Amino acid sequence: MSRNFGILKQNAKLFISRSQNIFENLAFEEWLLRNYKPDEEVESMLIWSNKPAVVIGRHQNPWMEADINYLRCNNIELARRHSGGGTVYHDLG
């Protein structure tokens, strides 16, 4: 779903994911990056919320960044994004 977003430029695009699955949302983000080519004057924003998940950067070691046993016991997904950067926690909030 996309629509114009009033506080951005008039022709901005807002993408809202209805999925709460971290893997689907990361895949959609990657698809947008590779396939959505707005002209330079268009601002774009992607909004999502995920069920509990820990997301690590491309080159991070999951065992150094997260307590894997805790994640398993608490049904928290562990995902790796295509880009670099630090570890972040996602939830529905």
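Where a number appears in this text, it was derived from the coordinates with a stated rule and is not lab data. Values in this document were obtained by computation on a predicted structure and should not be read as measured data. For neighbour counting, all protein chains shown are included, and Cβ atoms are generated from backbone atoms with ideal geometry for every residue, glycine included.
To the nearest 500 deg cm²/dmol, what mean residue ellipticity at 222 nm is calculated for the chain from DSSP H runs of n ≥ 4 alone, each contributing -39,500 (n - 2.57), summed and divided by the residues?
Working: 3 runs with 24 residues, N = 93.
The per-residue figure over the chain is -7000 deg cm²/dmol.
How would you order 47-54, 81-88 from highest to lowest mean count of nearby Cβ atoms within 10 Å?
On the way: 47-54: 16.6, 81-88: 12.1.
Top of the packing list down: 47-54, 81-88.
Nearest 20 debye, what's the magnitude of the dipole of the chain about its Cα centre given +1 on Lys and Arg Cβ and -1 on Asp and Glu Cβ?
Numbers: 11 positive and 11 negative charges, 35 e Å.
In debye, rounded to 20, the chain gives about 160.
Per-residue HN-Hα couplings for region 82-93, Karplus 6.51 cos²θ - 1.76 cosθ + 1.60 at θ = phi - 60°, whole Hz, x for Gly and Pro?
The phi angles translate into 6, 8, x, x, x, 7, 9, 9, 10, 7, 6, x Hz.
Would you mind checking which residues have amide H under 5 Å from LYS13's amide H? H placed 1.01 Å from N; only 5 or more apart, or other chain.
GLU43, SER44, MET45
SER83 to LEU33: extension gain in nm, 0.36 nm per residue of separation minus the Cα-Cα distance?
Additional length available on full extension: 16.9 nm.
Would you mind calculating the gained length between LYS51 and CYS73 on full extension (0.36 nm times residue separation, minus the Cα-Cα distance), in nm to one decimal?
My answer for the length gained is 6.4 nm.
Using Cα atoms only, what is the angle between the long axis of helix 22-35 and the major principal axis of the chain, expressed in degrees (0 to 90) to the nearest 10?
It is inclined by approximately 40 degrees.
What does the highest-first list of 55-62, 32-39, 70-77 look like by mean Cβ count within 10 Å? Numbers along the way, then the final one.
Working: 55-62: 14.2, 32-39: 10.0, 70-77: 12.0.
Packing proxy ranking, top to bottom: 55-62, 70-77, 32-39.
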